[in-house]
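To start, the structure itself, in structure tokens.
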Amino acid sequence: MLGGLAAFLAAKGTVDAQDSPAKLAIDRSGIDWNGRPMYLRAYHPPYIVSYYALMRENKLTSPASIVKWGPLVKRVEDEPDLTVLIIQSYDDACAGCYALKPDPRGHPWGVGYSCGADPAKVREVTRYSRRILGDLGLYYGSEIPMRELVLLLAENVPVLYEGIGGEGNQEMYDKGLAYLKQKYRL
């Protein structure tokens, strides 16, 4: 299923700016996660589910998105007992973002890095994160197997709202939930 991702990354290495109107993503292919949980901010799990479907169906065309999200989707595919740790700051999805910059002063989303987001964006992310935490009955510091997180999402967040993918990602989110339920035999 994800062989196309590995082939793309092997052939491409890093993404050239000319490949996408978006800036470069940071290539983390081949990283050794050392069996640690996937660190995600509260609003990122629905994105993981949507990107899982996009990559499974070979519908993800943005090289920057493939480089950013591919390693996380690959973990979901390759690690049957993957757990997710819900964190409040800089997470594994942020680690691949093109806008990540070293910053000794840090940022509200993580020590030592800045994402370049304006304060309004930080407030939005905080608001969406609080909402989905309530929807899922989780809290910062929750560690949950991905298979259980998929069920929580399916049961408590069947419809995407602004800030967690929105209406435009609903079809891929639904497919991702179905694929993941099948994968985990839920």
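The values are calculated or read from the model by the stated rules, or taken from the named source; none is laboratory data. Remember, predicted model here, so these are calculated numbers, not experimental data. Virtual Cβ from ideal backbone geometry, glycine too; neighbours counted across all protein chains shown.
Across the range 39-60, which residue is modelled with the lowest pLDDT among those that are within 28 Å of residue 140 (Cα to Cα) and in contact with a Lys or Arg (Cβ under 8 Å, 6 or more places away or on another chain)?
42
Looking at 28, 36, can you tell me which residue is of a type outside the set (Gly, Ala, Ser), surrounded by 16 or more Cβ atoms within 10 Å (Cβ to Cβ), modelled with pLDDT of 70 or more and in a loop (DSSP other than H, G, I, E, B)?
28
Suppose we keep only residues that are in a loop (DSSP other than H, G, I, E, B) and in contact (Cβ under 8 Å) with a residue 60 or more places away in the chain within the range 117-172. Which one would you say is surrounded by the most Cβ atoms within 10 Å (Cβ to Cβ)?
Among those residues, the one meeting the criterion is 164.
Please specify each residue of the range 44-95 satisfying the condition of being within 18 Å of residue 131 (Cβ to Cβ), part of a helix (DSSP H, G or I) and among the polar types (S, T, N, Q).
Result: 50, single match.
Look at the range 111-124 and say how many of its residues are in contact with a strand residue (DSSP E or B) (Cβ under 9 Å, 6 or more places away or on another chain) and modelled with pLDDT of 85 or more.
0
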